[in-house]
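Trainee: Have a look at this one.
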């Protein structure tokens, strides 16, 4: 034993309780970020055990190690290239066959493994009894039964993992396919062995036969002859079986998984339909499904908004109360203005948005996801969401964006593919948030007419519909079908949900606050150095000529980047009155109000939303969405101005 | 030729399977990532599938496949050829 720092990886299907085990193992020593250069979340944690330091990495929940999603690519690359000391494969005992299908693939990566046979209690309730000793023997890797939600077996799991490492990390032995396939796998791996490729030769051979795009591409660069040999073998297998080679290999793998599952499990009919099944029937019921969902969602959203609104106000009052103290320390001159108006107001904006809305949102999102209700909501609403090119699950982030776009963007991670995440985030940033509602109602609703405010909402809805469809067509990557697993209802593990919320909040704060503070500081700097008016005149071809607005509205729109409600506050300050019906000295009538509100509705996700986009999708995509929406808003605003003038 | 047409008639798509009915998968008429996903979730030739419920809006439909419940849109289910059990 020379090394005392180990890497242990958690891998398994989605919804098998992987994150619960992760939380048990790592406690409060965790860090949630993204995989380098990817929009896939990476959860890491550290623990100390018997004198060893162990880094635990929670891989995303996946069903296979193919090329379906980046999650799968990231996972297999990590296991093969970074070669962790041991892989803990978390397996759902009640869906054994499908889970073993994944286990077999992990074994093919030839990394030492331990299987956590999780949720054995749930399986028992369903009448499924598993002989784990027999499973251990058949698979040739240690199997530990666990009930992660209660912490049962987690210690033994850790103990067994460390033992496996200490013993020198034996590679799992390989399951054999049918003779005609096995012969070709062996032949191919002999050739693959001769070239330098980071993945195991046998695995590479299997993937080549499965026509795995990534492996094919990489092997072609190394030696195209290997590829033609693989193609020949694949054709031979296809001729024998009459199905595509990938279908044949997947079938065989399922065959093996099914065989093992049948051998080790004993299924007795459950005594009575458990509570969760009755709940399932009720929440997806033809008649009761929707009212139950409507009540549940209404309760959730109104409580988030009520909590958010109240806490936001409270925190805002509290923090703004510090202004005199800051003034007494830093003075009311330039330095004082920059520190208060730049740094502090940026922090206040961040705090009053982030904490009150993001915390309850994350809590509820994880609760919905872990309990299984999210997939039922998606089941009920997918038909509607699909019309704007979205997945049924996208309903939750889109709906929440009516309160604040930030949690909406962060919530896009519940979507299963990167394409869907990006598509949902784009739609989310177009949804009018609570601050936008203040502007539309406070300006147009009050001074022009409620019917005009309503018209603006309808226009916004149409734009969401059109741009959603357009983005669905324009976004690179193939649209994937809805293939959604609806796992059994279960009680979410509170501690895991709380920790996930906490660490993700921290991650957001680390990412967003610097951006918000810098943005705020820049705008304040422009303000104290009297640069705002020159900037407004630079913008005047856009504001005055194209949009027909007074030049000073340019300043209001710039402030809106910080927080959208600031546009209205700044507008009142700049126009010199909050009575927008009688604005002296400026040409600011109903037409201007409508155009101004419309542009504000669409023009830019506020800086916190941009930060959320950066956090989830990286700078490039965040900038693209931002610039697109600014240009689009100005375009629509100008057209609206001309139409309104014509109609007058 | 006549045997081909006869055989074709016996096949239906998964979208035509009514709630409560069972069928065996014959083949998938999709390519790319969707096909990969369906295979990985166990929708393979010979797999038994049962339609368990339908969204009140008509689509998606939930199917019981290898012990788990998967929801598919009808437009995607219509690309899965099955042999209904009678």
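The values are calculated or read from the model by the stated rules, or taken from the named source; none is laboratory data. If you're wondering where the values come from, they're calculated on a predicted model, not measured in any experiment. Here the Cβ is made from the backbone with ideal geometry for all residues, glycine too, and neighbour counts use every protein chain on show.
Here is a yes/no grid of residues against (1) on the phi > 0 side of the Ramachandran plot; (2) out of contact with any strand residue (DSSP E or B) (no Cβ under 8 Å at 6 or more places or on another chain); (3) buried (at least 16 other Cβ atoms within 10 Å of the Cβ); (4) within 14 Å of chain B (Cβ to nearest Cβ):
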site	(1), (2), (3), (4)
A:219	no, yes, yes, no
A:227	no, yes, yes, no
A:234	no, yes, yes, no
A:241	no, yes, yes, yes
A:244	no, yes, yes, yes
A:248	no, yes, yes, yes
A:256	no, yes, yes, yes
A:284	no, no, yes, yes
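Trainee: Has the range A:515-534 got at least one residue that is in contact with a strand residue (DSSP E or B) (Cβ under 7 Å, 6 or more places away or on another chain) and in a helix (DSSP H, G or I)?
Mentor: no
Trainee: Going by the structure shown, is residue A:372 farther than 23 Å from residue A:515 by Cα, outside the structural domain of residue A:624 (by TED's automatic domain parsing) and in contact (Cβ under 8 Å) with a residue 12 or more places away in the chain?
Mentor: Answer is yes for this residue.
Trainee: Checking residue A:411 against (1) within 28 Å of residue A:290 (Cβ to Cβ); (2) surrounded by fewer than 24 Cβ atoms within 10 Å (Cβ to Cβ): exactly one of these is not met. Which one?
Mentor: (2)
Trainee: Hey, another quick one. Only one of A:549, A:467, A:482 is surrounded by 19 or more Cβ atoms within 10 Å (Cβ to Cβ), under 30 Å from residue A:122 (Cβ atoms) and outside the structural domain of residue A:373 (by TED's automatic domain parsing); which?
Mentor: Numbers: A:549 fails: under 30 Å from residue A:122 (Cβ atoms); A:467 fails: under 30 Å from residue A:122 (Cβ atoms).
The conditions single out A:482.
Trainee: Evaluate the following for residue B:23: is it within 8 Å of chain A (Cβ to nearest Cβ) and at pLDDT 95 or above? Break it down stepwise before answering.
Mentor: Numbers: within 8 Å of chain A (Cβ to nearest Cβ): no; at pLDDT 95 or above: yes.
The answer is no for residue B:23.
Trainee: Moving on to the next point. For residue A:197, which of the numbered conditions (1) assigned to a helix (DSSP H, G or I); (2) over 30 Å from residue A:382 (Cα atoms) fails to hold?
Mentor: Unmet condition: (1).
Trainee: Can you tell me which of (1) more than 29 Å from residue A:490 (Cα to Cα); (2) touching a helix residue (DSSP H, G or I) at 6+ places or on another chain (Cβ under 8 Å); (3) without any contact (Cβ under 8 Å) to a residue 60 or more places away in the chain is the one residue A:83 doesn't meet?
Mentor: Among (1) more than 29 Å from residue A:490 (Cα to Cα); (2) touching a helix residue (DSSP H, G or I) at 6+ places or on another chain (Cβ under 8 Å); (3) without any contact (Cβ under 8 Å) to a residue 60 or more places away in the chain, the lone unmet condition for residue A:83 is (2).
Trainee: Looking only at the range A:383-408, filter to residues that are part of a helix (DSSP H, G or I), surrounded by fewer than 24 Cβ atoms within 10 Å (Cβ to Cβ) and touching a residue at least 60 places away in the same chain (Cβ under 8 Å); which one of those is farthest from the other protein chains (Cβ to nearest Cβ)?
Mentor: That would be A:399.
Trainee: Then there's this: Just checking, how many residues over the range B:62-76 are within 9 Å of chain A (Cβ to nearest Cβ) and in contact with a strand residue (DSSP E or B) (Cβ under 7 Å, 6 or more places away or on another chain)?
Mentor: Looking only at that region, the number is 7.
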